[in-house]
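Worksheet: the structure to be examined is printed underneath.
The values are calculated or read from the model by the stated rules, or taken from the named source; none is laboratory data. The structure displayed is predicted, hence computed values, not measured ones. Note: ideal-geometry Cβ built from the backbone for every residue, glycine included; neighbour counts use all protein chains shown. Please note that ligands, DNA and RNA were not included when accessible areas were found on the heavy atoms of the full protein model with its side chains. Shrake-Rupley method; radii C 1.70, N 1.55, O 1.52, S 1.80 Å.
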Amino acid sequence: MKTKRFSYRFILNGLLITFIGLWAGQFLIRRSDPSTMELLNIYLNANLVSLYLQPIMLTLFYSQVLALRKIRLFVGVRKKDNQIIAILLGIATFYCLIFLLGLFVPYLGTNYPFFKNGSPVLGMTLLLHVFVLLFLSWLLVGGYQLRHPYFLLFLVIVLDLIYHFIIEKKLLILYRPLYDPLYRAVHHIYGGY
């Protein structure tokens, strides 16, 4: 009975994460100015993904961890904890992939360039964003064995926000100075980015 409920939750969360990713990709493309349509400007410069959508995705995945945590005692008696952790790591990877595919596939259907305003090498910070999201998802798997699991979710969301505002924004400024609000204000550049 619990296994069926877990399977339904896995499928439902997967569909919900896919829908959120597709909706966000379409929303960001429709709301962006056509003159600034560039992969990094749309996804990394926008706060929607890091502030709202990634915490929702991480919370949906964490509900899977908490669901399996309820049967941890029965799993531990059978010495299958490592198998459950491997399953949770696979689910985390799967959820990240479908979320990111849903987010980026709509952009691939447009004719806009990937790296228009800077070096593609620095533009690969987008891959760093993907790896950070995957690492944070894997970190949540640790909640399976923690005594106070809700603190871990809070910590992971705070780490996601710190990464976005401190590291990612600085990498974007290295990619293109026009992303720096101070640079835009000094040069009287309004709108656009």
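Scan the range 167-177 and give yes if some residue there is over 20 Å from Tyr95 (Cβ atoms), modelled with pLDDT of 85 or more and aromatic (Phe, Trp, Tyr), otherwise no. Checking the range 167-177: not a single residue is over 20 Å from Tyr95 (Cβ atoms), modelled with pLDDT of 85 or more and aromatic (Phe, Trp, Tyr). From the set of residues in the range 179-193 that are at pLDDT 75 or above, surrounded by 14 or more Cβ atoms within 10 Å (Cβ to Cβ) and not acidic (Asp, Glu), which is nearest to Ser50 (Cα to Cα)? Ranking the candidates gives Tyr179 first. In the range 119-127 there is at least one residue that is surrounded by fewer than 19 Cβ atoms within 10 Å (Cβ to Cβ), closer than 16 Å to Ser50 by Cβ and either of a type in the set (Asp, Glu) or free of Cβ contacts under 8 Å to residues at least 60 places away in the same chain (or both). Report whether or not Ile91 is touching a Gly at 6+ places or on another chain (Cβ under 8 Å) and either over 27 Å from Leu174 (Cα atoms) or part of a helix (DSSP H, G or I) (or both). Considered against the rule, which asks whether it is touching a Gly at 6+ places or on another chain (Cβ under 8 Å) and either over 27 Å from Leu174 (Cα atoms) or part of a helix (DSSP H, G or I) (or both), Ile91 comes out as no. Scanning the range 69-83 for residues that are surrounded by 10 or more Cβ atoms within 10 Å (Cβ to Cβ) and modelled with pLDDT under 70 yields a total of 4. For the range 13-32, the criterion of a residue being on the phi > 0 side of the Ramachandran plot and either not in a loop (DSSP other than H, G, I, E, B) or not small (Gly, Ala, Ser) (or both) is satisfied by no position. Name every residue in the range 1-57 that is at pLDDT 80 or above, farther than 20 Å from Ser137 by Cβ and among the basic types (Lys, Arg), in order of residue number. Those that are at pLDDT 80 or above, farther than 20 Å from Ser137 by Cβ and among the basic types (Lys, Arg): Arg30, Arg31.
Being within 24 Å of Arg9 (Cβ to Cβ), buried (at least 21 other Cβ atoms within 10 Å of the Cβ) and not hydrophobic (A, V, I, L, M, F, W, C) is the requirement here; does Gln64 meet it? When the stated conditions are applied, Gln64 passes them.
Considering (1) within 14 Å of Met37 (Cβ to Cβ); (2) open to solvent by 60 Å² or more (accessible area, probe 1.4 Å), the lone condition that Phe131 does not fulfil carries the number (1).
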